[in-house]
Amino acid sequence: MISGCRPNRAHQVLAAWSHRFEEFDLITQNVDGLHEQAGTHGVTRFHGSIWEVFCWTSCPDSPERWMDRTAPFGVLPPPCPYCEGIIRPGVVWFGEGIAPETLERAASALTCDVFLTIGTSSLVYPAASLSATARARGAFTAEVNLDPTPASNRFDVSIQGPAEIILDEIDALLPASE
């Protein structure tokens, strides 16, 4: 199903902002690659990528990770092309830790002027702590979600509605780029 998805207007607005604003960082929990497909710069994939795979046994002939957009695989589980073992997606599953370099990139993005949290419950840690840290560092924080979340009162503002509409409306309110 993921292979048939395309970026929506929210992805497109974020991609445009990544080109417009010099110090733009996007931390995503999504593993679908739609932000990159939309052309977004500065993406930190907090939970990895479904399209990045690796040999489960870390066979010596395979690269550490490689991209594979095969969908669907002809055989499940898919075999490693280097050793015939099993490949798995480069995603963080529940119980696995976030890669240290990913945590470092995310932490460096938290010193900012504005921190938007879009389309998440803000309840699963460690990702849920990012907005609070940004706010503690002086950022204006906003939540954009279809419905209020249990974390809504922890933001400077919480806006309910579809991200593709809300972000487009916010974009229209921003001054024209120079």
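The values are calculated or read from the model by the stated rules, or taken from the named source; none is laboratory data. Worth saying up front: this structure is predicted, and the values here are computed from it rather than measured. Here Cβ is always computed from backbone atoms with ideal geometry, including for glycine, and neighbour counts include all displayed protein chains. For accessibility, only protein heavy atoms count, side chains too; no ligands or nucleic acids. Shrake-Rupley method; radii C 1.70, N 1.55, O 1.52, S 1.80 Å.
Some values worked out for this structure:
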quantity: First in region 53-80 and free of Cβ contacts under 8 Å to residues at least 60 places away in the same chain and closer than 17 Å to Val91 by Cβ, second anywhere and charged (D, E, K, R) and part of a loop (DSSP other than H, G, I, E, B), Cβ under 7 Å, 6 or more apart; calculated: Val53/Arg65; Val53/Asp68; Phe54/Glu64; Phe54/Arg65
quantity: Whichever residue in region 46-89 is over 19 Å from the mean Cα position of the chain (by Cα) and among the polar types (S, T, N, Q) and, among such residues, is surrounded by the most Cβ atoms within 10 Å (Cβ to Cβ); calculated: Ser62
quantity: Complete set of residues in region 6-40 that are in contact with a strand residue (DSSP E or B) (Cβ under 7 Å, 6 or more places away or on another chain) and among the β-branched types (Val, Ile, Thr); calculated: Ile27, Thr28, Val31, Thr40
quantity: Residues within region 1-30 that are out of contact with any helix residue (DSSP H, G or I) (no Cβ under 6 Å at 6 or more places or on another chain) and open to solvent by 60 Å² or more (accessible area, probe 1.4 Å), tallied; calculated: 10
quantity: Flag if Gly33 is small (Gly, Ala, Ser), under 22 Å from Ala128 (Cα atoms) and open to solvent by less than 40 Å² (accessible area, probe 1.4 Å); calculated: yes
quantity: Filter pass, Val43 being β-branched (Val, Ile, Thr), modelled with pLDDT of 95 or more and out of contact with any Gly (no Cβ under 8 Å at 6 or more places or on another chain); calculated: yes
